[in-house]
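K.L.:
Have a look at this one before I ask anything.
The values are calculated or read from the model by the stated rules, or taken from the named source; none is laboratory data. For clarity, every value in this text was computed on a predicted model and none was experimentally measured. Here the Cβ positions follow ideal geometry from the backbone for every residue, glycine too, while neighbour counts run over all protein chains shown. Just so you know, the surface numbers come from the protein's heavy atoms only, side chains and all, with ligands and any DNA or RNA stripped out. Shrake-Rupley method; radii C 1.70, N 1.55, O 1.52, S 1.80 Å.
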Amino acid sequence: RQGFTLIEVVVALAILGIGLTVLMELFSGGLRLGRLTEEQTKALQYASAKLEEVATRKTVEEGDEEGEFDKTYRWKMGVRKMDLLPFEKDTDFKPPADLYHVRISVLWVSGVKERSASLETYKLVKTATDEKKS
């Protein structure tokens, strides 16, 4: 009379099973997010290092480049010259520097998906005629 019935034991085990399943899903989801965060952090560190490399160059050329950091991560860089003058180009004024838009994208495969992280910056480079005057 004071013990548990079979139905009470089965219901308790079902509730325990559902609870453990939910906990396992939460744990595996946390591990998956941790791995993804680690991959993104590494990709952004690679992109930052590549941007620093571009920032230390004395000259920049417009165009696209790509390469690999290691077996997992690869990079693509796009450099575009920005127009500093207004749309009416009937002026004789030449800016003393050129402005370039630099975009670094780091790509890697995580699981079955290809992921990417990007950083952008602008670089100001003295024009060749302005450097001769200096």
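K.L.:
Could you grab the relative contact order for segment 32-99? Cα pairs under 8 Å, six or more apart, rounded to a whole percent. Intermediate values should be presented prior to the final figure.
P.N.:
Details: 39 pairs, mean separation 14.0, N = 68.
Worked out over segment 32-99, it gives 21 percent.
K.L.:
OK, next. Ranked highest first by average number of other Cβ atoms within 10 Å, how do 42-51, 114-123, 12-21 line up?
P.N.:
Numbers: 42-51: 17.8, 114-123: 13.7, 12-21: 10.1.
Final packing ranking: 42-51, 114-123, 12-21.
K.L.:
Moving on. I want to check a number: in the chain, how many lysine pairs have alpha carbons closer than 12 Å, given a sequence separation of 8 or more or different chains? Display every interim value, and only then the final one.
P.N.:
Values: LYS50/LYS76; LYS58/LYS123; LYS58/LYS126; LYS81/LYS123; LYS94/LYS126.
Here the count comes out as 5.
K.L.:
Kindly provide the pair-distance distribution of the chain built from C-alpha pairs, with 5 Å bins from 0 and whole-percent values in order of increasing distance.
P.N.:
2, 8, 12, 12, 10, 9, 8, 7, 6, 5, 4, 4, 3, 3, 2, 2, 2, 1, 1, 0, 0
K.L.:
Mind ordering 93-100, 71-78 by average Cβ neighbours within 10 Å, highest first? Display every interim value, and only then the final one.
P.N.:
Working: 93-100: 13.4, 71-78: 15.6.
Top of the packing list down: 71-78, 93-100.
K.L.:
Can you find, among ALA49, ILE104, PHE27, the residue sitting farthest towards the positive end of the charge dipole of the chain, where Lys and Arg contribute +1 and Asp and Glu -1 at Cβ?
P.N.:
Farthest towards the positive end: PHE27.
K.L.:
In nm, to one decimal, how far is the PHE4 label point from the GLU62 one, both placed 7 Å along Cα→Cβ?
P.N.:
Label-label distance for PHE4 and GLU62, simple model: 7.6 nm.
K.L.:
Taking Cα atoms, how many degrees apart are the long axis of helix 6-56 and the longest axis of the chain, rounded to 10 and kept between 0 and 90?
P.N.:
10 degrees
K.L.:
Taking the Cα centre of the chain as origin, sum charge times position over the Cβ atoms of Lys and Arg (+1) and Asp and Glu (-1), and report the length of that vector in debye to the nearest 20. Don't skip to the end; give the middle numbers.
P.N.:
On the way: 21 positive and 22 negative charges, 68 e Å.
Roughly 320 debye, rounded to the nearest 20.
K.L.:
Considering only protein heavy atoms and a 1.4 Å probe, what is the carbon-and-sulfur percentage of the accessible area of the chain? List each step's numbers first, then the result.
P.N.:
Working: 6200 of 10660 Å².
Here it works out to 58 percent.
K.L.:
Over the chain, what is the mean sequence separation of C-alpha contacts under 8 Å (at least six apart), divided by residue count, expressed as relative contact order in percent? Mind showing how you got there, number by number?
P.N.:
On the way: 150 pairs, mean separation 27.9, N = 134.
That works out to 21 percent.
K.L.:
Separate question: Could you give the accessible area per residue of the chain, probe 1.4 Å, as a whole number in Å²?
P.N.:
Working: 10660 Å² over 134 residues.
Value for the chain: 80 Å² per residue.
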